[in-house]
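Everything on this sheet refers to the single structure shown next.
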Protein chains: 2
Amino acid sequence: MKVECGLDDVFEVTTHKLQQGLLLTTVGSDGGYNVMTIGWGLVGRLWREPVFMVAVRPSRHTFQLVEETNVFTVNVPSDGMDATIDFCGTVSGRDHDKIAERGLTALAGRRVRSPILEGCIAHFECSVIGKSRLNPELLSSNVHKTCYASGDYHTLYFGRILSILKDA
Amino acid sequence: MKVECGLDDVFEVTTHKLQQGLLLTTVGSDGGYNVMTIGWGLVGRLWREPVFMVAVRPSRHTFQLVEETNVFTVNVPSDGMDATIDFCGTVSGRDHDKIAERGLTALAGRRVRSPILEGCIAHFECSVIGKSRLNPELLSSNVHKTCYASGDYHTLYFGRILSILKDA
């Protein structure tokens, strides 16, 4: 049973788990789901709205889905989901139905079409209100070296947080 | 007396105060300080670093300073600083020495050259590791209408958080 809550209720666990990996769920225009592990994300307020920002490389299957539907859900894994975090950060949704292969249960989103992963402990349902394609010339040389040795510069997706859910 | 702390220690007060206004301090290449009220900001992890993102319009005096020195400090005001928040969000640093006019005390930064405002209760010292100039074509029509009726599109500054300070 999931209930709505405030950012303060889940921020600490979200940033703590971010260092290990959060699970980003998306949906394509054909209704197909995908899930991908993310280690980066920013949360706060922008353009008068509560916002969760995620970064997705164009090479990812997730990129195509979020470009199609402009929604995403960030799920905070519970303890014991380490193997799922590793798996969803290693294989591509082009070749694998990661939700089925990991035995995850996708619940229908309440406010957006991207799904909620049942075993996770917190969920941010987001609708993209702006994005930014990184310009290599505006990044530090260290960011270049450590993150973009092979290009594939992230698009930043700024999602308006429509609901935050946690276990009742 | 300011001591270093973690993000969890100050996140709740930071996001709470963000809705009223935080104080962004910057320094120019000539060593001159400025302070500006911000109502938007994102915090989390990006490019393997803890990051605070702020948004500054090119028309602002702050824009010129952060472009010159690539550092900024986000200060979380204490209760009772409402008049300072209003003042620093209304007048420009081109015409006013806001720190002097409001009787604020600027302490030297510990990790960056932008100053810490003494009466505030938390401080994020940041060094810009990337920025992004917004592309109007990638924003929602509602963001356009509510935030950019007269253009002046923000540059997003992603600051690596070098230290977080709070009162001892």
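Only Lys, Arg, Asp and Glu count, each charged at its Cβ (+1, +1, -1, -1), so figure out the dipole size of the stretch B:80-132 about its Cα centre, rounded to 20 debye. Once rounded to the nearest 20, the dipole reads 360 debye.
Take every Cα-Cα distance within the stretch A:1-157, group them into 10 Å bins from 0 onward, and report for each bin the whole-number percent of pairs it holds. Whole-percent P(r) values from 0 Å outward: 10, 41, 37, 11, 1.
Across the cross-link table entries A:K166/B:K166; A:K131/B:K17; A:K98/B:K145; B:K17/B:K131; A:K17/B:K17; A:K2/B:K17, which are compared at the Cα atoms, the separations over 32 Å belong to A:K98/B:K145.
At an R0 of 22 angstrom, the distance between the Cβ atoms of B:R48 and A:C5 translates into a FRET efficiency of 0.15.
When shorter helices are ignored and each DSSP H run of at least 4 residues is given -39500 (n - 2.57), the per-residue value for the protein assembly as shown at 222 nm works out to -6000 deg cm²/dmol.
The mean number of Cβ atoms from other chains found within 10 Å of a Cβ in peptide B:46-56 is 5, as a whole number. Find the Rg to Rh ratio for the protein assembly as shown, where Rh is the Kirkwood radius over alpha-carbon pairs and Rg uses the same atoms. Reported Rg/Rh (Cα atoms, Kirkwood Rh): 0.98. Remark: label point of A:R94 defined 7 Å out from Cα along the Cα-Cβ vector; separations to the same position in other copies 5.0 nm, ascending.
Counts of other chain beta carbons within 10 angstrom of each beta carbon in peptide B:144-155 average 1. For the stretch B:15-43 and the stretch A:1-42, what is the separation of their C-alpha centers, rounded to whole Å? Each part's Cα centre sits 28 Å from the other's.
Here the stretch A:99-125 and the stretch A:138-161 have alpha carbon centers that stand 27 Å from each other. Take A:18-28, B:29-39 and order them by the average number of nearby Cβ atoms within 10 Å per residue, most first; the result is A:18-28, B:29-39. Inter-chain neighbour count for A:130-137: the average number of beta-carbon atoms from partner chains within 10 Å of each residue's beta-carbon is 5.
FYI, it's all coordinate maths here, none of it is from the lab. These numbers were taken from a predicted model, which means no experiment stands behind them. Methodologically, a virtual Cβ is constructed for each residue, glycine included, from the backbone with ideal geometry; neighbour enumeration extends over all protein chains shown.
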